[in-house]
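The structure appears below as structure tokens.
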Amino acid sequence: MTTRRNFTIKHLAILVVVCLAAGFITGFTSEKRNFQLSKNLDIFNAIVKELDLFYVDTLNAEKTINVGIEAMLASLDPYTQYYPESQKEDFQFLATGEYGGIGALIVQRDSGVYISEPYEGMPSQIADLRAGDKLLKIDDTDLSQKTSSEVSDLLKGQANSKIVLTIERNGQQLTKEITRKKIVMKAVPYYTMLNDGIGYICLESFTDKAADETKEALLDLMKNHQMQALVLDLRNNPGGVLEDAVRIVNLFVPKGQEVLSTKGKVKQWDKTYKTTQDPVAADLPLVVLINRNSASASEIVAGALQDLDRAVIIGERSYGKGLVQSSRNLPYDGTLKVTISKYYIPSGRLIQAIDYTHRNEDGSVARVPKEKMKEFKTANGRSVYDGGGIMPDKEVESQKMKNIVFYLLSDFVIFDYATQYVNNHPTIAPIAEYTFTDEDFNDFKQFVQQQNFTYDKQSEKAMKELRSLLEFEGYYDGAKEEFAALEKKLNHNLDQDLETAREEIKEFLSLEIAKRYYFQRGEIIQGLKKDRILDASVQLLKDPERYKKTLLPPTGKEAV
């Protein structure tokens, strides 16, 4: 009995010592970390003061310190960002889709800033601003040396305030008086019925109105158009408000279903998100479209519906953003958007594709390697994987852009031709009937020839590099004739290259021209006419048995 008592006391004493040591180490580590933080803040503050006193030129303190802040945040991840007071409206736009301005996209090129796209029904369109208009002055402010960001700041302002905008169009100067308005960007810019009872909803962003707009479109299609199945298009949707993603999933799954959970450093902020309402379309056959630009909240919707076997996902592997941001108020009305947690969808997987916590020696980051991806199971037992975005159930890749098409777009050749086309064609056919004809394409080819258009042909670049390598290694002289013959075959033939890419070029031209006459809605409608991914979705929904089978794990048995 005495031996057992001594043993217990001895081990209790050891346990107390261990606990005290652990507490001491934890406290010491925390104290050391706090000292390092305080020390480096003092160093930074001292450096700024010394620069302000002794640097040879006058220091722009705000610009210099902002550069330091941006570099510091960039070393963490691309989503942790600082918004000073002057950019507060930009931050609010991310969440609400609202801002005060004229309602247009602008682009910087050549020697100035141009209107790229006026929004339908907005002040820019009401004032007859057109794509291709060069912006010269806002009130008395000359814009010739301004960047697109600076011009954007000048165009934005309080709703109902007026500006006088001087533009150049077809070599003539025009003056437009414009009244700014509260610009509200739609999360659902377009929805329709396709055929055979199949509906289509295009969801472009996750603002705080995204779920309401999606629900409104869904109810309209179900009640007024007898929709029997739905395609929800999340392609090129960069995400946004997490809560609206949960509400959109709730449109299709029962109340009380877990959609995702978040986990971060501050455990009190960890949260599990569940559906809270009865679904609107619990049994509606559903296909969700994604591509490599579908990110964040888009991946929550697609991933949750996939994990719950509630929808078939079609398209390309998504972006892979499994990080959650929150806003923190800063002094002088600034805002910090900071990554606070990671999110996990119903199967338990994290879809974050890039590990920003483990950087290479040069500071670069890489995607999670395939061999490190873990297997998870959907509700029906299908295999899904973490660490690389959402892999679609049926993969249909977008067509790869040809080299010449890339340069026609990046050098604004297609943009400029569309501007000329509009000048020569006051109207076009209704958008449902509009096509860019072969006759139009021949006219475009003449336009390209007149522009002295040149482009970087990849095969010619490779030949030049090969020639340099052969000369360096001493093999070129022996293969000179063969090399010259191959170079001749690969010589630039602009007309031939345009013909080779004819259909792809016609598609981009038709989109740009449709947008000029029918705005964003027209561009979407035109783009759906030859959409391989949408066609694959429609074919699947027309085959109920194949649709149901896609949502079940493979049996290992195939009919022969």
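Points worth noting:
- Those helices (runs of 4 or more DSSP H) of region 86-198 in which 1 or more residues are open to solvent by less than 60 Å² (accessible area, probe 1.4 Å) and of a type in the set (D, E) occupy 88-96.
- Within the span defined as region 286-297, every residue fails to be without any contact (Cβ under 8 Å) to a residue 24 or more places away in the chain and not in a helix (DSSP H, G or I).
- Output for region 366-375, where each listed residue is free of Cβ contacts under 8 Å to residues at least 40 places away in the same chain and in a strand (DSSP E or B): E375
- Test for T454: is it modelled with pLDDT under 95 and among the hydroxyl-bearing types (S, T, Y): yes
- Residue in region 367-389 that is more than 26 Å from the chain's Cα centre (by Cα), open to solvent by 80 Å² or more (accessible area, probe 1.4 Å) and more than 30 Å from L540 (Cα to Cα) present: yes
- Residue in region 400-418 that is open to solvent by less than 40 Å² (accessible area, probe 1.4 Å), charged (D, E, K, R) and within 24 Å of L540 (Cβ to Cβ) present: no
- A single entry from G315, G240, G264 fulfils the requirement of being at pLDDT below 95 and either in contact with an Asp or Glu (Cβ under 6 Å, 6 or more places away or on another chain) or crowded, with 21+ Cβ neighbours inside 10 Å (or both): G240.
- Qualifying position, being at pLDDT 95 or above, surrounded by 11 or more Cβ atoms within 10 Å (Cβ to Cβ), under 30 Å from N291 (Cα atoms) and not hydroxyl-bearing (S, T, Y), among K515, K530: K515
- Check on I390, in a loop (DSSP other than H, G, I, E, B) and modelled with pLDDT of 90 or more: yes
- Within region 419-444, being surrounded by 16 or more Cβ atoms within 10 Å (Cβ to Cβ) and either in a helix (DSSP H, G or I) or free of Cβ contacts under 8 Å to residues at least 60 places away in the same chain (or both) holds for T419, Y421, V422, D440, F441, F444.
- Only one of L232, L221 that is crowded, with 22+ Cβ neighbours inside 10 Å and outside any helix (DSSP H, G or I): L232
- Residues in region 413-445 that are within 30 Å of the chain's Cα centre (by Cα) and farther than 14 Å from R516 by Cβ: V413, A432, T435.
The values are calculated or read from the model by the stated rules, or taken from the named source; none is laboratory data. What you see is a predicted model, and the numbers here were worked out from it, not measured in a lab. Glycine gets a Cβ as well: all are built from the backbone with ideal geometry, and neighbour counts include every protein chain shown. What goes into the accessible areas is simple: the full protein's heavy atoms, side chains included, and nothing from ligands, DNA or RNA. Shrake-Rupley method; radii C 1.70, N 1.55, O 1.52, S 1.80 Å.
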